[in-house]
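A quick write-up on the structure given underneath.
The values are calculated or read from the model by the stated rules, or taken from the named source; none is laboratory data. Computed from a prediction, not measured in an experiment: that's the story for all the values here. Glycine also receives a Cβ, built like all others from the backbone with ideal geometry; neighbour counts cover every protein chain displayed. These accessible areas exclude ligands, DNA and RNA; they are computed on the full protein's heavy atoms, side chains included. Shrake-Rupley method; radii C 1.70, N 1.55, O 1.52, S 1.80 Å.
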Amino acid sequence: MRKWWIGLIVLVLLFITAGYLLLPSQQVITNYSFIGAAQNSVYRCLSDESCLQNWWQDSSGTNVSGTNGKPLQKGDFTFQFSPRFGNVVIADIQHQNTTIQSSLAVLALQVDSSAVEWKTTFPQTGNVFKRFQQYFLAKKLRNDIADLMQQFGDFMQEDKNIYGLDVQPAKVTDTMVVTTSMETKDYPSAVDYY
């Protein structure tokens, strides 16, 4: 019986030591999504509540609508977005009694493409049991954020969702333009142009 107690104590000590050595004191989740739209268009959609409602899907896969300022739900997490300056949107994530800070930064890659970085930081803790709890919570949240970023990327692929209207590329012929040409021996002056 005494050997069982010693074995149990050793196992608990190994568990605690492994938690301190293997798990970081602060969990950080970073997720990227590449969007084929300009930086300002992507930021406008992330900071506009009506646009958020258009691309946000609940657990059953249906779009949410008419939340009227209420936080958006995904799985066990509640998200509240608030835009900031510099193409950054703050997202407070609520899970039971825990508030997790996160931010979405819109980064310009080229004129017509951008990336969204969603970075989530859990509160720092020295408690090994809290570290294990945060680790499993971060794993679940990482999957939900990846789903949301995929939904947002798919939503932003359509021009109607970016600009608010259906944009169709078309070739337009203009009959009002008259083209003339002229050859000169000297460098052309302003009189020659006009």
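Points to keep in mind about this one:
- Coil-residue chymotrypsin sites (Phe, Trp or Tyr not before Pro) of region 80-138, DSSP, other Cβ within 10 Å capped at 13: Phe85
- Computed [θ] at 222 nm, helices only, for the chain once each DSSP H run of length n ≥ 4 contributes -39500 (n - 2.57): -12000 deg cm²/dmol
- Result for the chain in a Gaussian network model with C-alpha springs under 10 Å: among Lys130, Lys119, Lys171, the largest mean-square fluctuation is at Lys171.
- Per-residue ³J(HN,Hα) for region 85-101, Karplus 6.51 cos²θ - 1.76 cosθ + 1.60, θ = phi - 60°, Hz, x for Gly and Pro: 6, x, 6, 10, 10, 8, 10, 8, 10, 10, 9, 6, 9, 10, 10, 10, 7
- Over every Cα atom in the chain, the radius of gyration and the widest Cα-Cα span, Dmax, amount to 27.1, 111 Å.
- Among Leu46, Leu104, Leu137, residue whose mean-square fluctuation peaks in a GNM of the chain (springs only between Cα atoms under 10 Å): Leu137
- Taking all protein chains as shown and a probe of 1.4 angstrom, Thr173 keeps an accessible surface of around 110 Å².
- Protein accessible area in the chain, 1.4 Å probe - carbon and sulfur %: 56 percent
- Hits among lysines - C-alpha to C-alpha of Lys160 under 22 Å, sequence gap 8 or more where chains match: Lys171
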